[in-house]
Amino acid sequence: MKKKRKWTFKLFVRLPLLFIALSFALVLLLRYVPVYYTPLMLKRSIENRKLDSFKTQHTWVSLDQISPELAKAVVLTEDQKFYTHHGFDWEEIRKMREDHLNKGTKLRGCSTISQQTAKNVFSFGSRTGARKVWEAYWTVLIELLWSKDRIMEVYLNVIEMGPGIYGAEAAAQQYFKCNAIKLTKRQAVSIAICLPNPLRSNPTQLTNYQRNRCNRLLEQM
């Protein structure tokens, strides 16, 4: 009986506490250390291992080496309440739920920049309910231990911006043959509007809909 209690204590108390301590330590470390590689990069490399043309392009740069226009553009397109919420846009989640229940609209992601950062850094990006719970846990931690600027810095360095292309520097060089700091306002917006579907969109080959949206966003900026 005592052995069973000891095993139960380890399983339900010690192991969870150990996981929490280690995850706090990891997030605290990544507050200062660049994120050079992510689980999503590994996943894409495995998925495309048979393609000789596929390669991972990623260069970490600090936030002050990225055009401020890109940060403005992603906030405008992805998460307009980024600097005021604490990781989750509860109002948008409520609207999405009401629309689904009352109008039958499809459930949409409603992921904030913080949630997307947590997903990219700490998960393989699978589409499951368990992943959303996992993502939410890490979102709480980075909002607690990182500044908003740090979250934005990591986001702009790890977000998928094309096949094998991760982060602002790699995207700027691939699409516009320049460094991230030299991205113009139009180039920044062109990258931002492709983020919802980076594997099928190209900032230099926008559709008519994307071009019209780009023009509207430039007016807003």
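The values are calculated or read from the model by the stated rules, or taken from the named source; none is laboratory data. Since the structure is predicted, the reported quantities are computational estimates derived from the model, not experimental observations. All Cβ positions, even for glycine, are placed from backbone atoms using ideal geometry, and neighbour counts span all protein chains on display. Surface accessibility is based on the protein's heavy atoms, side chains included, excluding ligands, DNA and RNA. Shrake-Rupley method; radii C 1.70, N 1.55, O 1.52, S 1.80 Å.
Among Q187, N212, W60, which residue has its Cα furthest toward the positive end of the charge dipole of the chain, with +1 on Lys/Arg Cβ and -1 on Asp/Glu Cβ? The Cα lying farthest towards the positive end belongs to W60. The Cα atoms of the range 160-201 give a gyration tensor whose axes a ≥ b ≥ c have a/c of 1.5 or more with a/b no greater than b/c, which makes the shape oblate. If you take all other residues with their beta carbon under 14 Å from the beta carbon of A180, and give Lys and Arg +1 and Asp and Glu -1, the sum is 0. Seen against the Cα atoms of the chain and their longest principal axis, helix 68-78 is set at about 70 degrees.
Placing +1 on the Cβ of every Lys and Arg and -1 on the Cβ of every Asp and Glu, with no other charges, gives the chain a dipole of roughly 1220 debye about its Cα centre.
Taking every protein chain into account, the 1.4 Å probe leaves D64 with about 120 Å² of accessible area, to the nearest ten. Between D89 and T112, the built amide H atoms are under 5 Å apart, and every one of these is 5 or more places off in sequence or on another chain.
In terms of its alpha-carbon gyration tensor, the chain comes out prolate; a/c meets the 1.5 threshold, and the first ratio a/b outweighs b/c. From most to least packed by mean Cβ count within 10 Å, the peptides 186-198, 67-79, 44-56 give 186-198, 67-79, 44-56.
For the chain, take the longest principal axis of its alpha carbons; what is the angle in degrees between that and the long axis of helix 15-29, to the nearest 10 within 0 to 90? Around 30 degrees separate the two axes. For a quick check: with amide H placed at 1.01 Å from N, whose amide H comes under 5 Å from M161's, ignoring anything fewer than 5 positions away on the same chain? Counting only residues 5 or more places away or on other chains, the set is Y166, G167. Just the protein heavy atoms count here, and of the accessible area of the chain at 1.4 Å, carbon and sulfur take up 57 percent.
Below 13 angstrom from the Cβ of L144, what's the summed charge of the other residues (Lys, Arg +1; Asp, Glu -1)? Taking every other residue near L144 into account, the sum is +2.
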